[in-house]
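This report concerns only the one structure given below.
Read the figures in this text as sums done on the coordinates, not as results from a lab. Quantities reported herein were computed from a predicted structural model and do not represent experimental measurements. Counting neighbours? That spans all protein chains shown, and the Cβs are built from the backbone with ideal geometry, glycine included.
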Amino acid sequence: MLAPIRTVSTERGTCPLLTVQPNRAQVDEKFQIVIMNLLPNQKVTLHSLHQSEDKDFWEAFGHYISDENGTVTVAKDESLGGTYEGTEQMGLLWSMRPVPGSRPGLRLRKMNILTPIVIHISVYNGHLSQDFSQQTPLASSVTERWYVAPGVQRVNIRENGVRGTLFLPPGPGPYPGVLDLWGGGGGLVEYRSGLLASHGFASMALEYLAPEELRTADVDVSYFEKAYQILQNHPKVHRDRMAMLGLSFGSAVTLSMAAYSKVIKPQCCVCISGSHVFPVDKSLFEVFEEMKKYMGRIYMNKENQVIHRDIILPIPSDPALKVDVGRIKCPLLLVNAGDDQNWASVESAEDVSHMEMMMEKAGNRHLLTVLTYPDAGHLIEPPYSPHFRASNFILQEIKEKIVMLWGGQTKPHAYAQEDSWEKILTFLRQHLYFSSNFAVKAKL
Amino acid sequence: MYSLYRSVSTQKRTCPLLSVQPIRGLVDEKFKFVVTNLPPNQKVTLHSLHQSDDKDFWEAFGHYVSDEHGSVTGFKDESLGGTFEGTEPMGLLWSMRPTSGSRHGIRLRKRDTFRPMEVCISVYSGHISQGFSQQTPLATSVSERWYIAPGVKRVNIREKNLRGTLFLPPGSGPYPAVLDLWGGGGGLVEYRSAILASHGFASMALEYLGPEDLRLEDTDASYFERAYQILNNHPMVKKDNLAVLGLSIGSVITLNMVSYSKVIKPKCCVCISGSHLVPVNKSLFELFEQLKNHADKLRVNEDNQVIYRNLHLAISCESGKVDVGRIKCPLLLVNGDDDQTFPAVESAEDMAMMMEKAGNRHLLEILTYPGAGHLIEPPYSPHFRATKYKLQETNETIVMLWGGQTKPHAYAQEDAWKKILAFLWQHLSAP
C-alpha cells in the first residue's frame with residue numbers, strides 16, 4: 001500500500017521505514033517484517049523489546065545487511081548474528097531472553113490474556129549487541145500479539161469444587177470441548193485455552209494444583225471427571241466431540257483418565273512431554289507420595305539445575321506401575337522432546353509403542369501417533385514464545401524452590417513449538433470437526 | 001486424511017468453519033473470509049453486523065453458494081444478491097446500511113478511535129435478506145477494525161480557543177505531518193487523523209466549526225495559520241515537512257490558505273470534493289453570511305433531499321474565484337462525478353485552466369471517480385447517498401444529498417486512499 005521510495009542519500013537520515021504486518025496478530029500467527037529506505041548494504045540491527053506482566057524486560061535481536069535497494073526482508077534475508085541466526089521469520093520472538101541484569105531463572109507467561117502482548121520492534125544502525133536503550137533507533141514499530149480472538153468469551157468456572165476458566169468461541173455453538181491441563185507448576189494458566197477458543201474449540205483450563213485452594217488429597221479421579229462433565233454439559237459444548245490435552249503432569253492425568261475413567265471418554269487426546277509412568281488413579285497426594293520414593297533419582301548439574309527426568313527411569317516393566325495404554329480407545333497424539341530433561345518422555349513413548357503388542361491385540365495400535373522433536377526441551381508451548389532451558393520452579397513433591405532444567409536448544413525448540421502446534425490443531429480438527437463418525441454417512 | 005464419505009446430513013448443523021483474516025486489522029486493510037465444511041452446493045448468506053458508537057445497527061449481506069468442496073471463498077466467489085453483488089471481498093463492509101427500523105438519514109462515523117469497530121460476521125443457511133436476528137447462524141466470527149495502529153499516541157491540542165487532536169505515530173519521530181480539515185458538519189472528527197498516524201504521519205484534526213468558545217467571527221485565516229504553526233513547531237514534527245488535507249469546506253479552506261497565506265506553506269495539499277469557487281477573504285462568519293444570501297439557489301429533489309451544488313457557482317459570480325495560479329506546491333484533487341454537494345468536477349476543470357495560464361499546471365493532479373459522491377472517506381466505510389445535516393448558514397437540519405452510487409463510491413474510496421497515501425509519502429518523506 002505504501003509507495004516504495006528510493007532515497008539514495010549520503011546522509012544518515014534517510015527516513016527508514018519499518019513495517020510489521022500484521023501489527024495485531026494472534027500469538028500463533030507469523031508476521032512479516034520489512035525495513036525499507038536504508039542505504040544499500042547498510043549494517044542494521046533489528047531489535048524486539050517486551051516488558052512482561054512481572055515487569056521484567058525481554059529482548060531479541062538480529063544482525064542484517066540491507067540489499068542493493070536498501071531493503072531488509074526478514075522472511076528472506078539471513079540474520080548474521082544476535083540472539084538468532086539464519087533466515088528466521090519469527091526469530092525476534094522465539095529467541096527472546098531477559099535483558100542483561102535481570103533476575104535469574106525467569107519464564108515468560110501471560111496471565112491476563114484479555115490484553116495483548118505488546119512488543120516494540122526497532123531498527124538500529126550498525127550491528128549492536130547491547131545497550132540498545134542508549135541508542136536512538138532509525139525506526140520503530142509497536143506490534144500486538146493476542147491470545148484471544150475478538151468475540152471469545154471468558155467464563156469463570158467454580159462449580160462443585162472444580163476450579164477453571166472456560167473460553168468459548170464467538171457464535172451460537174455448539175463447539176467441540178477441550179479439557180486443558182498444565183503441569184506441576186500448578187495454578188490456573190489460561191493462555192493455551194484462550195488460543196484454542198480462538199481456533200473454534202470450547203476450551204477449559206483446569207486448575208488442579210493450587211496449594212491455597214485445593215488440597216492434593218481432594219484432587220483425585222473424581223475431580224477430573226467432574227471437570228470433564230462440567231465442560232461436556234455446558235450448553236455451548238458438543239457433548240460427543242471432546243478432547244483432553246495435557247502437558248507434563250497434565251499428560252499423566254490425561255493418559256490415566258483416558259485409560260481408566262468410565263466418565264471421561266474423549267474422542268481424542270493430546271499428551272505433550274508426558275509419561276505413562278505414575279498413573280493418576282488415586283489422589284494427587286498419594287501420587288506425589290509415590291513419586292517421593294524415587295527422589296533419589298533426581299540430581300543437580302553443576303549449574304545447580306535440577307534434572308528430574310530420571311525419576312521415571314528405568315521405565316518399570318511392572319504394568320501396575322504404568323498406565324495400561326492398551327485400554328485407550330481413542331486416537332492419541334504424543335508430542336515429545338528429544339532433549340527433555342524433566343520427564344523421560346521419549347523413552348516413555350518408546351515403551352508405549354513397544355507395548356504395541358498389547359495395543360495390537362486390543363486392535364488400537366493405529367490410534368497412536370508419536371511426534372519426537374530432536375533437541376527440543378520439555379516445555380513445548382504454543383509457537384513463538386521464547387525457549388526456557390531452565391527456570392525457577394517449586395517442586396511439588398518436596399515444596400522447595402529450585403531451578404528446573406527443562407532442556408532443549410533454542411532454535412530446534414522453537415521449531416518444535418511451531419510444528420507441533422500446527423499438528424495438534426490439525427489433529428483436534430480432524431477428530432472433533434471433520435470426523436465422519438458424527439454425520440450421517442452417505443455414498444455419493 | 002478425511003474419509004471419502006461426504007456428510008450429507010439432513011440436519012442443518014455440519015459444524016462449518018468461518019475464518020476471517022486478519023481478524024484484527026486497520027480500517028483500510030482488506031480482509032479475507034473463508035467458509036469451509038459446508039455441504040457442497042449449499043446456499044448460504046454471509047452477514048455482517050455492527051453496532052455504532054451512536055448505538056445504531058448496521059448490516060450487509062451477500063448470497064453465496066458453496067463449491068463442490070463445501071467452501072465459500074470471499075475473495076474468489078461471487079455474491080449472487082444481497083447488499084452487494086459480484087466478486088467483492090470487502091462488500092460486507094462498504095455495502096452496510098442501517099438495519100430496518102433504524103432512524104432515518106444516519107451516517108456511520110467512529111467517535112472513539114481507541115476502540116476498534118467490531119463487526120460480527122456470520123454464515124446463515126439459505127439465501128435470506130431479513131430477520132437475521134431471528135435465525136441461528138451456522139458460524140460466527142468477530143472482526144476488529146482499528147483506526148489506530150499499536151503505539152499511536154493521541155494528544156489534545158488546546159491553545160487559547162483553538163481545538164484539535166494530534167495523533168502521533170509510534171516511535172520517536174520526528175514525523176512528516178498533516179493538517180486534517182473536515183467539512184461543514186463541524187465538530188472534532190478524529191478518525192482520519194488516527195489512520196494517517198497509523199501510516200506514519202503526525203496528523204492533527206482541527207476543529208473550526210462548532211465549539212462554543214470559538215465564534216465564527218474569530219475563525220479567519222489567522223486561526224488556520226495558528227493551527228499550522230502549532231503543528232509545524234511541535235517537537236515530534238519534522239519542521240516544514242507538512243501537508244494540508246481537506247474534505248468539502250475543508251478543501252475550500254485549504255485552497256484559500258495555500259493560495260494566499262504567507263504562513264501556510266505546505267510541501268503538498270490534498271483536496272477532496274472541494275471547490276475554488278468560494279474565496280474566503282475574511283472570517284467564516286462572513287462566508288456563511290454570503291452563502292446564506294444565496295440560499296435560494298438550494299434545490300430540493302422529490303425525496304426532499306437538498307442539492308447544494310449550485311450555491312458555489314452563484315457565489316463565484318459575485319466574488320470571483322480563489323487565485324489558484326498562485327499555488328506553489330503539488331496539489332491533488334479527489335472528486336466524485338456524482339457529487340451533488342459541490343461542483344467539484346467543474347471546479348477542477350476550471351482550476352486546470354487557470355493554472356495552465358499561470359504556468360503551474362504541472363503541480364496539479366486530478367482524480368475523478370465516476371459514480372462517486374461527495375463524501376469520499378477512508379476505504380470500506382459505507383456509502384451515504386443522503387444523510388441528515390445541519391446547515392451552518394441557516395441552522396436548519398435538512399437531509400443533504402451527497403450523491404454517488406454504492407459500488408462506484410466504494411471503489412473511489414479504496415482507490416483514492418491508496419493514491420492519497422502514496423502522494424503524501426512522495427512529497428513528505430524526502431529530507
(message) Which residue, A:F288, A:I315, A:S275, has the largest displacement toward the positive end of the dipole of segment A:222-336 when charges sit on each Cβ (Lys, Arg +1; Asp, Glu -1)?
(response) A:S275
(request) With just the Cα atoms of chain A, tell me how far they stretch along each of the three principal axes, in Å, largest first. (result) 75, 62, 42
(message) Apply the a/c threshold of 1.5 to the C-alpha gyration tensor of segment A:17-146 and tell me whether it is rounded, prolate or oblate.
(response) prolate
(message) Between segment B:281-331 and segment B:343-392, how far is it from one alpha carbon centroid to the other, in angstrom?
(response) 14 Å
(request) Name all residues of segment B:55-81 having a backbone nitrogen under 15 Å from the label point set 7 Å from the Cα of B:H127 along its Cα→Cβ direction, giving them as ranges. (result) B:61-67, B:78-81
(message) Within chain B, which is the longest segment that contains none of the chymotrypsin sites (Phe, Trp or Tyr not before Pro) sitting in a DSSP loop with at most 15 other Cβ atoms within 10 Å?
(response) B:115-431
(message) What's the whole-number percent of alpha carbon pairs in the protein assembly as shown lying beyond 52 angstrom?
(response) 27 percent
(request) For A:E289 paired with B:M236, estimate the spin-label separation in nm (one decimal), with each label point 7 Å from Cα along the Cα-to-Cβ line. (result) 6.2 nm
(request) Compute the acute angle (0 to 90°) between the alpha-carbon long axis of helix A:221-233 and the principal axis of greatest extent of the alpha-carbon atoms of chain A; round to the nearest 10°. (result) 70 degrees
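With an 8 Å cut-off on Cα pairs and a minimum separation of 6 or more residues, tell me the relative contact order of chain A in percent. Spell out each step's value before the answer.
On the way: 1027 pairs, mean separation 52.9, N = 444.
The normalised contact order for chain A reaches 12 percent.
Can you pull out the GluC sites (Glu not before Pro) in segment A:63-140 whose DSSP state is coil and whose Cβ has at most 14 other Cβ atoms within 10 Å? Walk me through the numbers before you get to the answer.
Values: sites: A:E68, A:E78, A:E85, A:E88; in loops: A:E68, A:E78, A:E85, A:E88.
The qualifying sites are A:E68, A:E78.
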(request) Report, in debye and to the nearest 20, how large the dipole of segment A:153-434 comes out about its Cα centre when Lys and Arg carry +1 and Asp and Glu carry -1 on their Cβ. (result) 620 debye
(message) For a quick check of your reading of the filter: which trypsin sites (Lys or Arg not before Pro) in segment B:259-351 sit in a DSSP loop and have no more than 15 other Cβ atoms within 10 Å?
(response) B:K262, B:K282, B:K328
(request) In whole Hz, with x marking every Gly and Pro, tabulate ³J(HN,Hα) for segment B:199-204 from phi via Karplus 6.51 cos²θ - 1.76 cosθ + 1.60, θ = phi - 60°. (result) 9, x, 10, 6, 10, 10
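Can you say what percent of the DSSP beta bridges in the protein assembly as shown, counting only those with both residues inside, are antiparallel? Round to 5. Intermediate results must be reported in sequence, preceding the final value.
Working: 109 of 167 bridges.
Close to 65 percent.
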(request) Quantify how strongly other chains surround peptide A:139-152 by giving the mean number of their Cβ atoms within 10 Å of each of its Cβ atoms. (result) 5
(request) Would you list which lysines come within 18 Å of A:K302, measuring only between C-alpha atoms, while excluding same-chain residues fewer than 8 positions from it? (result) A:K401
(message) Within 9 Å, Cβ to Cβ, of B:P98, how many net charges do the neighbouring residues add up to if Lys/Arg are +1 and Asp/Glu are -1?
(response) 0
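Give me the inter-chain shielding for B:146-155: mean count of other chain Cβ atoms within 10 Å, whole number please. It would help to have the intermediate numbers written out before the result.
On the way: counts 3, 0, 0, 7, 12, 9, 1, 0, 0, 0.
Other-chain Cβ atoms within 10 Å of each residue's Cβ, averaged: 3.
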(request) Relative to the longest principal axis of the C-alpha atoms of chain B, give the angle of the C-alpha long axis of helix B:221-232, reported between 0 and 90° and rounded to the nearest 10°. (result) 60 degrees
(request) Give the calculated FRET efficiency between B:I366 and A:E78 to the nearest 0.05, with a Förster radius of 35 Å applied to their Cβ-Cβ distance. (result) 0.15
(request) Pop the C-beta distance of B:N281 and B:Q405 into the FRET formula with R0 = 60 Å and round what comes out to the nearest 0.05. (result) 0.95
(message) To check you understand DSSP bridge types, tell me what percent of the beta bridges within segment B:153-428 (both residues inside) are antiparallel, rounded to 5.
(response) 45 percent
(request) In whole angstrom, note down how far apart the Cα centers of segment B:64-113 and segment B:192-249 are. (result) 34 Å
(request) For B:V334, list long-range residues whose amide hydrogen, built 1.01 Å from N in the peptide plane, is under 5 Å from its own amide hydrogen. (result) B:C271, B:I272, B:S273, B:G274, B:L367
(request) Give the long-range amide H neighbours of A:A139: residues separated by 5 or more places, or on another chain, with amide H under 5 Å away, using H modelled in the peptide plane at 1.01 Å from N. (result) A:V123
(request) Tell me what the protein assembly as shown gives for mean residue ellipticity at 222 nm when only DSSP H runs of n ≥ 4 count, each as -39,500 (n - 2.57), the sum divided by the residue total, rounded to 500 deg cm²/dmol. (result) -6000 deg cm²/dmol
(request) Report the local net charge at B:G86: Lys and Arg +1, Asp and Glu -1, summed over other residues whose C-beta lies under 15 Å from its C-beta. (result) -3
(message) Rounding to the nearest 10 and keeping the result within 0 to 90°, find how far the Cα-based axis of helix B:284-293 lies from the longest principal axis of chain B.
(response) 80 degrees
(request) Using the Karplus curve 6.51 cos²θ - 1.76 cosθ + 1.60 with θ = phi - 60°, work out ³J(HN,Hα) for each residue of segment B:414-423 in order, rounded to whole Hz, and write x for Gly and Pro. (result) 5, 6, 4, 4, 4, 6, 4, 4, 5, 4
(message) Run the count for segment A:17-146, please: Lys pairs, Cα-Cα under 26 angstrom, 8 or more apart or on different chains.
(response) 6
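Looking only at segment A:153-434, where both bridge partners belong to it, what percent of the DSSP beta bridges are antiparallel (to the nearest 5)? Please report the intermediate quantities before stating the final value.
Details: 21 of 47 bridges.
Within segment A:153-434, antiparallel bridges account for around 45 percent of the total.
Hey, can you rank A:197-203, A:26-32 by average C-beta count inside 10 Å, highest first? Display every interim value, and only then the final one.
Numbers: A:197-203: 26.0, A:26-32: 18.6.
Listed from highest to lowest mean packing, they are A:197-203, A:26-32.
On average, how many beta carbons from a partner chain sit within 10 Å of the beta carbon of a residue in B:415-427?
Details: counts 0, 0, 1, 3, 1, 0, 3, 5, 1, 2, 7, 2, 0.
Per residue, the average neighbour count from other chains is 2.
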(request) Report ³J(HN,Hα) in whole Hz for each residue of segment B:159-174, in order, from the Karplus equation J = 6.51 cos²θ - 1.76 cosθ + 1.60 where θ = phi - 60°; Gly and Pro get x. (result) 10, 6, 9, 9, 10, x, 10, 9, 10, 10, x, x, x, 9, x, x
(message) For segment B:181-325, take every pair of Cα atoms, bin their distances at 5 Å starting from 0, and report each bin as a whole percent.
(response) 2, 9, 17, 23, 20, 14, 8, 4, 2, 1, 0
(message) Suppose we keep just the alpha-carbon trace of segment B:153-428; what are its Rg and Dmax in angstrom?
(response) 17.4, 55
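Please get the size of the charge dipole for the protein assembly as shown, origin at its Cα centre, with Cβ charges of +1 on Lys and Arg and -1 on Asp and Glu, quoted in debye to the nearest 20. Provide the component values of the computation, followed by the final result.
Details: 89 positive and 93 negative charges, 123 e Å.
It works out to roughly 600 debye.
Which trypsin sites (Lys or Arg not before Pro) in segment B:15-118 sit in a loop by DSSP (not H, G, I, E or B) and have at most 12 other Cβ atoms within 10 Å of their own Cβ?
Values: sites: B:R24, B:K30, B:K32, B:K43, B:K55, B:K76, B:R103, B:R107, B:R109, B:K110, B:R111; in loops: B:K30, B:K55, B:K76, B:R103, B:R107, B:R109, B:K110, B:R111.
When the trypsin sites (Lys or Arg not before Pro) of segment B:15-118 are filtered for loop state and at most 12 Cβ neighbours within 10 Å, B:K55, B:K76, B:R103 remain.
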(request) Within the set of other residues whose C-beta is less than 14 Å from the C-beta of B:V72, count the net charge using Lys and Arg as +1 and Asp and Glu as -1. (result) -2
(message) Positive end of the dipole of segment B:207-282, charges at C-beta (+1 Lys, Arg; -1 Asp, Glu), about the Cα centre: which of B:N281, B:C271, B:I249 has its Cα farthest in that direction?
(response) B:C271
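For segment B:16-146, give the magnitude of the charge dipole about the Cα centre (Cβ charges: +1 Lys/Arg, -1 Asp/Glu; no others), in debye to the nearest 20.
Numbers: 14 positive and 15 negative charges, 85 e Å.
For this selection, approximately 400 debye.
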(message) Need the list of aspartates and glutamates near B:K265 for cross-linking: C-alpha distance under 13 angstrom, and skip anything on the same chain fewer than eight residues off.
(response) B:E225, B:D240
(request) Of the listed pairs A:K236/A:K329; A:K265/A:K292; B:K321/B:K357, which have alpha-carbon separations greater than 20 Å here? (result) A:K236/A:K329; A:K265/A:K292
(message) So, R0 is 41 Å and r is the distance between the beta-carbons of B:R299 and B:Q21; what FRET efficiency does that work out to, to 0.05?
(response) 0.30
(request) Have a look at A:S198, A:S391, A:T143 and report the one farthest towards the positive end of the charge dipole of the protein assembly as shown, computed about the Cα centre with Cβ charges (Lys/Arg +1, Asp/Glu -1). (result) A:S198
